[in-house]
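The block underneath contains the structure these notes are about, expressed in C-alpha cells.
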Amino acid sequence: MIAFEHVNKQYSADAMALRDISLSVAKGELVFLAGPSGAGKSTLLKMIAAMERPSSGKVIVNGQDIGKIKPAGVPFLRRNLGLIFQQQRLLTDRSILANVMLPLLVTGAPKAQAEQRARAALDKVGLLERAPALPLALSGGEQQRVAIARAIVNRPQIILADEPTANLDRASADKVLDALKAFHSVGVTCLISTHDEQIIESAARVIHLQQGRITGTESP
Ligand code: ADP
Ligand code: ADP
C-alpha cells in the first residue's frame, strides 16, 4: 500500500532530512516510526500525503508515484488518508461537532448525513457527549482525539499520525493510542511517529530513524 524506494530528501544544501529510505507498509499494518526530534519522521509522513516530494528515489502510495502526481491528483490521494499533524489545529471558534463535520461538508456531503457521521466518529473516540463544546474547553488529549475523529470521518484507508501523543500525560497518551488502535483493528493502515519509545505497542512493527536514516526495524 505504501512503498519507499531509495528515497532521499534534501531541503537545502546542508539539510539532508532523509537518506536512502526503503520500506514498505502492507494494507492493515500498524507501524511506528521512532526517533529523536529531527530524525526525519515528519518528512517521511508528509511525503506519503504529497506535502513534500522526494529529491530522489520513489514513493508509491496506493499505486501512485508521489513524485509524479499532478496538483489535481493531490486531493484525490488525500481522500484516502486520515492526517493527524500538529499544524492542523482544530478551529477554535466552532464546536467539536462542527470541526469533525467539516471534512465531509467540503466534499459536498449533505449536512444531515455529515452530522450523523461526525457523531459516529466522535462516539468511536469516546467524545460524543462533548459534541457541542468548543475545542479549548477540552484537555489536550481530548483535543487530539477530536483530531482523530476529524481525520477518520471520511473513512480513509490510511491514517498518518505525527507525534499524536506529544505533550500529553501518560493516561491521555494511552487514550489517544487506544483510539488509533481501534481503527487499526477494523483494518485501517496506521503509521504513527513518536520520539517516545514507551508508547510503542509491542505487537506493532517499529522503524527506527536517526539523522534521516533507518537504523533498525523490529517486527513482532
Ligand atoms: P522529525 O519529525 O523526526 O522531528 P523532521 O522531518 O521534522 O524530523 O526534520 C528532519 C530534518 O529536516 C531536520 O533537520 C529539520 O530541521 C529539517 N527540515 C524539516 N522541514 C524542513 C523544511 N521545510 N526546510 C528545511 N529543513 C527542514
Ligand atoms: P454510519 O454508516 O452510520 O456512518 P458506520 O458504523 O458505518 O455508521 O461508521 C461509523 C463511523 O465509523 C464513521 O463515521 C467513520 O468515522 C468510522 N468508520 C467506519 N469505517 C471506517 C473505516 N474503514 N475507516 C475509518 N473510519 C471508519
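Read-outs throughout are calculated quantities, based only on the coordinates presented, and are distinct from any laboratory measurement. Note that the structure is predicted; figures quoted are calculated from it, not measured. A quick note on method: Cβ atoms are made from the backbone with ideal geometry, for glycine too, and the neighbour counts reach across all protein chains shown.
Just give me the residues in region 16-74 being under 20 Å from Asp162 (Cβ atoms) and among the acidic types (Asp, Glu), in sequence order. Glu29, Glu52 - these are the residues of region 16-74 that are under 20 Å from Asp162 (Cβ atoms) and among the acidic types (Asp, Glu). Scanning region 159-170 for residues that are among the β-branched types (Val, Ile, Thr) and surrounded by fewer than 24 Cβ atoms within 10 Å (Cβ to Cβ) gives a single hit, Ile159. Restricting to region 142-158, name every residue that is without any contact (Cβ under 8 Å) to a residue 40 or more places away in the chain and buried (at least 18 other Cβ atoms within 10 Å of the Cβ). Hits for region 142-158 are Glu142, Arg145. Scoring Glu163 on the criteria (1) more than 16 Å from ligand 2 (Cβ to nearest atom); (2) acidic (Asp, Glu); (3) without any contact (Cβ under 8 Å) to a residue 40 or more places away in the chain leaves a single failure, condition (3).
Total residues in region 132-160 satisfying the condition of being within 13 Å of ligand 2 (Cβ to nearest atom) and assigned to a loop (DSSP other than H, G, I, E, B): the figure is 5. Note on region 55-96: among residues that are aliphatic (A, V, I, L, M) and farther than 25 Å from Glu5 by Cβ, the one that is surrounded by the fewest Cβ atoms within 10 Å (Cβ to Cβ) is Leu91. Here's a check for you: in region 189-213, which residue that is assigned to a loop (DSSP other than H, G, I, E, B) and under 18 Å from Lys46 (Cα atoms) is nearest to the chain's Cα centre (by Cα)? The selected residue is His195.
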